[in-house]
1. Tell me, what ³J(HN,Hα) does each residue in segment 119-127 have, in order and in whole Hz, if you take phi through Karplus 6.51 cos²θ - 1.76 cosθ + 1.60 with θ = phi - 60° and put x for Gly and Pro?
2. Positive end of the charge dipole of the chain (Lys, Arg +1 and Asp, Glu -1 on Cβ, about the Cα centre): tell me which of Tyr357, Val304, Ala468 has its Cα farthest that way.
3. Order the peptides 152-158, 281-287 from the highest to the lowest mean number of other Cβ atoms within 10 Å of their residues.
4. What is the spin-label model distance, in nm, from His345 to Asn50 if the labels are put 7 Å beyond Cα along the C-beta direction?
5. Could you tell me which residue out of Leu5, Ala119, Asn101 lies farthest along the dipole of segment 1-129 toward its positive end? Charges go on the beta carbon: Lys and Arg +1, Asp and Glu -1, centred on the Cα centre.
6. Calculate how many DSSP beta bridges within the chain are antiparallel, expressed in % of all such bridges and rounded to the nearest 5.
7. To the nearest 20 debye, what is the magnitude of the charge dipole of the chain about its Cα centre, counting +1 on the Cβ of each Lys and Arg and -1 on the Cβ of each Asp and Glu?
8. Roughly how big is segment 269-459's charge dipole about its Cα centre, with Cβ charges of +1 (Lys, Arg) and -1 (Asp, Glu), in debye to the nearest 20?
Amino acid sequence: MSKVLYISSEAFPLIKTGGLGDVAGSLPIALLKKSQDVRLLLPAYPEVLNKITKIKKLAITSYYDLPVEIVETRLPGSNVIVWLVDCPAVFDRPGGPYTDNHGQPWDDIALRFAILCHAAVDIALNNLQLNWQPDVVHCNDWQSGLVPALLSLHSKRPATVFTIHNLAYQGIFKQQTFTDLHLPIELWHMDGLEYYGQLSFMKGGLAYADKITTVSPNYAREILEPEFSFGFDGLLKQRAADISGIINGIDEKYWNPGTDKYLEHKYNRRSLNKKVRNKTALQKELSLPVDDSIPMIGMVSRLVEQKGLEIILPSLETLLAMPLQIVILGTGETHYEILLSEYAHKHPERLKVIIGYNEPLAHRIEAASDMYLMPSTFEPCGLNQLYSLRYGTLPIVNNVGGLADTVINSSEENINNGTANGFVLKQQSTTSLLATIQRALTLYQKPEIWRQLQTNAMSGSFSWQTSAEHYVNLYQQALNEL
Ligand code: ADP
Ligand code: GLC
């Protein structure tokens, strides 16, 4: 049994903006089941404080002259102990973890997450006398990247693991921020936190963590190549021996079409014929023409280039001339929000675009749709294609990252050998997307084959069981090598 401090900037159901929230809200539960003594460390955003009832004060300290309390609570619906870094000066304000209510990044975002990192380091070194010191500190994405760097300066320290969920977001700031944050000068060099004259939080994890993981085996290979490395292929190649890919699992209780509390019409593999009732219910809810035979394509996503919008948008005119309905739920870059909304306005019978973040609607779209659109340019793992598979909603994906690891193309051969569970683009292009959707629509007209594909999809295993085991082994390996 290891004592694991798991650090994240979000964790469902307390706070979530994307897949990291899902992972940080479910992997610690799976680790607990594997007898790991895990503590989840999160910032005490107002949204988090509003969702919890019982809190216990554990310690008082300060960073950058700002008062900080460490308080204890539980992850709702689980026994996972959560420690919150409560620093009202930087966290107590309306808005999201990374941006204000207008989508602008916080001016003091470096300070916000430096404070999270300092608290983690102090817990790791037992400076706060919490009566619990981790053997392993597990960091996630750039927001906790300073932790391995700062801990590397101590000879007696826990092992460090850094998980890359998305290399595109690196926490890069001016050199002045390094000075303002009083970070130790020993860390400022080209093999350290310096990134072409700037400060990179992400590099703290990549350069200093004992072990690096990414969230799928395929992405672990891809990031060693310039095309997917966002400038880090050199460093990552040097560290290749310490990098592994562990595929994400999902919360199988929460994303289960048989018990989903947001669905009026629950269904499972054996009662798949009930799935279509979710389609007509959603058509009514969204004022689309009610027709159970028209194929529906769903998408729930951050509206950013990563998610394939550059090939989706040019294909829309052609797609919307076909007999199908498309439902898109998302928020993100303003120009994508505007363009999609304009298309929806022009084609009210075919396309519904809902701009916003809506957890219940996300579940209903997964259940209602026949196909799920996710032609990402890169995808470290991707959770929505996993939810789709589980809901018998066949994913249409690009051949990258975790999408390639989890979706098996409905080629003739794969249909015949019983493995096909979705549709994989030949290449990242509008032509390929249209051809793939066309193929999906053709197979949709063959109910027996379609049913078989859905059954294949729903029979997959997406639990954390095996992946949590891999993390436990990795923790042990990191400890042995310390
Ligand atoms: P990423 O982390 O890159 O955004 P993932 O597929 O790993 O992509 O995870 C995205 C998660 O965020 C999923 O749980 C998805 O349902 C959720 N999500 C994204 N956008 C929205 C939205 N607008 N409303 C509700 N849920 C959303
Ligand atoms: C990131 C990635 C996504 C992954 C998620 C959780 O946001 O973009 O592919 O599923 O993290 O690991």
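The values are calculated or read from the model by the stated rules, or taken from the named source; none is laboratory data. This one's a predicted model, so the numbers in the text were calculated from it and none came from an experiment. A quick note on method: Cβ atoms are made from the backbone with ideal geometry, for glycine too, and the neighbour counts reach across all protein chains shown. Note: areas computed on protein heavy atoms with side chains; ligands, DNA, RNA excluded. Shrake-Rupley method; radii C 1.70, N 1.55, O 1.52, S 1.80 Å.
1. Along segment 119-127, the couplings run 4, 4, 5, 5, 5, 4, 9, 6, 6 Hz.
2. Value: Ala468.
3. Per-residue mean Cβ counts within 10 Å order the peptides as 281-287, 152-158.
4. Using points 7 Å along Cα→Cβ, the separation is 3.0 nm.
5. In segment 1-129, that residue is Leu5.
6. Restricted to the chain, the bridges split so that about 30 percent are antiparallel.
7. Magnitude of the dipole: close to 1540 debye.
8. That gives a dipole near 680 debye.
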